[in-house]
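Working notes, beginning with the structure itself.
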Number of protein chains: 2
Amino acid sequence: MDAPTNGPRERRAPNPQRRSERAHRAILDATAELVGEVGYAKLTMEAIAARAKVGKQTIYRWWPSKAAVVLDVFERRTGTPGDPLPDTGDLAADLRTVLYATVDEFTDPETDRVARAFTAEIQHDPDLAATVTERLTRPNNEAFRERLRAARDAGQLDPDIGLDLALELLTGPITQRWLTRTAPLTHAYVDELLAAALRALGPR
Amino acid sequence: MDAPTNGPRERRAPNPQRRSERAHRAILDATAELVGEVGYAKLTMEAIAARAKVGKQTIYRWWPSKAAVVLDVFERRTGTPGDPLPDTGDLAADLRTVLYATVDEFTDPETDRVARAFTAEIQHDPDLAATVTERLTRPNNEAFRERLRAARDAGQLDPDIGLDLALELLTGPITQRWLTRTAPLTHAYVDELLAAALRALGPR
């Protein structure tokens, strides 16, 4: 049995890096909970610090603003915005992978909560709207268009269809169903959507 | 020159029906302005009454709640929810009429303001979300599906495509573009969308 003073260094005092990782995770967890409880507008750095049991200055070490923390909560579930889509050469299979992941994300309670908080807030907060566009929407859309552009160059898409419209035909129905909650978002729905959308987009 | 006391009755005292119509319109105008200025959550019947220069009881004569007034502001621009779509037998032409009107509505500042206020608020107000679904989304979607059903029965649509998906392919891209403000909503966009969506939905 090791006496504490004889143990390796990380037994004697918590490893600073591990402590730092724990604080980082606690802040993101606290933010995710609070966004669900009080909404984005009423969320404060003070409340996040209290819930995460850290000092406010610890939050500011990593994040300049509330929007930045909440964006990171979103991204830890959805991956880095702008990451390239898979490209196996099989457009339908690659889009299926991506859109399955999209509906999984939007049916995940934490992601759903943050996405709804953003959706609410960007309607009347132009600064947050600009941040979300720049950090999430624009890079994600560009990565999506990039995959469609490769497919178009390979002759798999009708060259006369705009890439913006192609993106919107593939993702707009999911956005609308999520927004209006009219029917469940399932993988079977993605399959049905994909078959129809690719018929619209394929070479004539 | 008529002296006031000799004029017809409506010259001597305001016609009660006309007064009532003026109050009704003043309340809707005041609500439309206030939704834009303070948002839905902070809108109060008191503020509407003050802006419209009527008593609060006048508002309650016609509307049981704030949600009901705001829904009427929306409807005076968009028409009665659930009204049947045109049916000339030419599906593409009828959808073009409807979707042109949709983008006109969503680029109208008053409708845009109210729609964004609802979009924000239904993310965290389940009662309002239920009211909007029941009063707007469900009847409008049912009218839309009804027109698509007629087209399907006439052999103009692929019988294997679900009417919900058909509706979402035709309207989801518009909703998403409106929500994310990524590009302008124009009639030319409707034309492009319609051509592509009908290719997805047409008989094989």
Matching helices (runs of 4 or more DSSP H) fully within segment B:8-121 where at least 1 residues are of a type in the set (Val, Ile, Thr): B:16-38, B:45-52, B:56-62, B:66-78, B:91-107, B:109-121
Selection count, segment B:140-168, where residues are of a type outside the set (Asp, Glu) and under 20 Å from the mean Cα position of the chain (by Cα): 7
Residue A:143, sole failed condition from (1) more than 9 Å from chain B (Cβ to nearest Cβ); (2) open to solvent by 20 Å² or more (accessible area, probe 1.4 Å); (3) part of a helix (DSSP H, G or I): (2)
Residue that is farthest from residue B:88 (Cα to Cα) [pool: residues in segment B:186-204 that are open to solvent by 30 Å² or more (accessible area, probe 1.4 Å) and facing chain A (nearest Cβ under 9 Å)]: B:204
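Right, residue A:174: more than 23 Å from residue A:69 (Cα to Cα), within 13 Å of chain B (Cβ to nearest Cβ), part of a helix (DSSP H, G or I) and open to solvent by less than 40 Å² (accessible area, probe 1.4 Å) or not?
Yes.
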Residue A:108 vs. criteria exposed (fewer than 15 other Cβ atoms within 10 Å of the Cβ) and under 20 Å from residue B:177 (Cβ atoms): no
Matching entry among A:71, A:28, A:34 (being modelled with pLDDT of 90 or more, touching a helix residue (DSSP H, G or I) at 6+ places or on another chain (Cβ under 6 Å) and within 14 Å of chain B (Cβ to nearest Cβ)): A:34
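Yes/no per residue for (1) farther than 29 Å from residue A:204 by Cβ; (2) open to solvent by 20 Å² or more (accessible area, probe 1.4 Å); (3) at pLDDT 95 or above:
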position	(1), (2), (3)
A:128	yes, no, no
A:131	yes, yes, no
A:136	yes, no, no
A:148	no, no, yes
A:157	no, no, yes
A:161	no, no, no
A:166	no, no, yes
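From A:96, A:51, grab the single residue that is away from chain B (no Cβ under 14 Å), under 30 Å from residue A:17 (Cα atoms) and basic (Lys, Arg).
The match here is A:51.
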Odd one out for residue A:183, checked against (1) assigned to a helix (DSSP H, G or I); (2) facing chain B (nearest Cβ under 9 Å); (3) surrounded by fewer than 18 Cβ atoms within 10 Å (Cβ to Cβ): (1)
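The values are calculated or read from the model by the stated rules, or taken from the named source; none is laboratory data. In this text, all values refer to a predicted model and were calculated from it rather than measured experimentally. So basically every Cβ, Gly included, is an ideal-geometry build from the backbone, and we count neighbours across all protein chains shown. Note: accessible area is taken over every heavy atom of the protein model, side chains too, but ligands, DNA and RNA are not part of it. Shrake-Rupley method; radii C 1.70, N 1.55, O 1.52, S 1.80 Å.
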